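What follows is calculated from the coordinates using simple rules that are stated; it is not laboratory data. Note that the structure is a prediction, hence the values are computed from the model and not measured. No Cβ is skipped: glycine too gets one built from the backbone with ideal geometry, and neighbour counts run over all protein chains shown.
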Amino acid sequence: MNFPGIAPSIPYILGGILVTLQIVALSVLLGFSWGVILALFKISRVRPLMWFADFYTSVFRGTPLVLQLLIIYFGLPQIIGFTIDPYWAAVAAFTLNSGAYISEVIRAGIMAVDKGQREAALALGVPYRQMMKDIILPQAFKNILPALMNEFITLTKESAIVTVIGVGDVMRRAYQVGANTFLYFEPLLFAGLIYYVMIMILTLLGKLVERRMRRSD
């Protein structure tokens, strides 16, 4: 192996970390917000909202993420009449996909909260929105935190597929270095190390947050 051969390109590959984290962080934030809305639709008594949320989740959980990304980046411009920036196409695809998975996690967390608390809140005349915001959702989030962190970690790894639409993330830059130096194993191995370190850091952060939340109970 010829790691000295790619040494000058290491800063270039490392520059992709910021791109990767920006896409993942924004997608998680938007996906979480969208997931909360979908979860509320799923437990709603309004049947059209329930049907929409269930159908939406089945579509985005039943098709590959890379297909969704390609449809948004290559297919959608055919309909709307203008091209989409690769960065925003990636954010849109990850947001829509992550929202579907997160909605199921949040729905399960809400349903796991004791029904007695909901009934007591309604008996005391607490409005539905306030009950969900102040009573049900805070307890649900404590229960589903590990699952949410797992989704965050999974999305970080899956973000590597943005290389197919030309986003300059870690994977794309590693591939470009390989094409320029004719050394593919070394830059790709280095990219794998970068992803591994990022995942380990996220895992440790998740454990720290989980411990603090347990202490606050």
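For the chain, hydrophobic long helices are taken as DSSP H runs at least 18 Å long by C-alpha position along their axis with mean Kyte-Doolittle hydropathy of 0.0 or more; these are 16-42, 47-61, 86-112, 137-158, 185-215. By the rule of a C-alpha distance below 21 Å, with chain neighbours fewer than 8 residues away ignored, the lysines paired with LYS42 are LYS115, LYS133, LYS142.
Label-to-label distance, SER44 versus THR203, with points set 7 angstrom from Cα along the beta-carbon direction: 3.9 nm. The value of relative contact order for the range 3-215, using C-alpha pairs under 8 Å at least six residues apart, is 29 percent. The modelled label-to-label distance between ALA25 and TYR184, using points 7 Å beyond Cα along the C-beta direction, is 3.3 nm.
Each peptide in 122-131, 176-185, 139-148 was scored by the mean count of other Cβ atoms within 10 Å over its residues; highest first, the order is 139-148, 176-185, 122-131. Residue ranges 74-85, 93-104, 15-26, 192-203 sort as 93-104, 15-26, 192-203, 74-85 when ordered by packing (mean number of other C-beta atoms within 10 Å per residue, highest first). According to the Kirkwood relation over distinct C-alpha pairs, the hydrodynamic radius of the chain is 19.4 Å.
Tell me which of ILE84, ILE199, PRO11 sits at the most positive position along the dipole axis of the chain, charges placed on C-beta atoms (Lys, Arg +1; Asp, Glu -1). Comparing the listed Cα positions along the dipole, ILE199 ranks first. Here r is the Cβ-Cβ distance between ARG129 and VAL66 and R0 is 35 Å; the resulting FRET efficiency, rounded to 0.05, is 0.40.
Given +1 at the Cβ of Lys and Arg, -1 at the Cβ of Asp and Glu and no other charges, the dipole of the range 55-122 around its Cα centre is 120 debye to the nearest 20. Reducing the range 149-192 and the range 1-45 to their Cα centroids gives an inter-centroid distance of 12 Å.
For LYS157 and THR83, a Förster radius of 35 Å and the Cβ-Cβ distance give a FRET efficiency of 0.80, rounded to the nearest 0.05.
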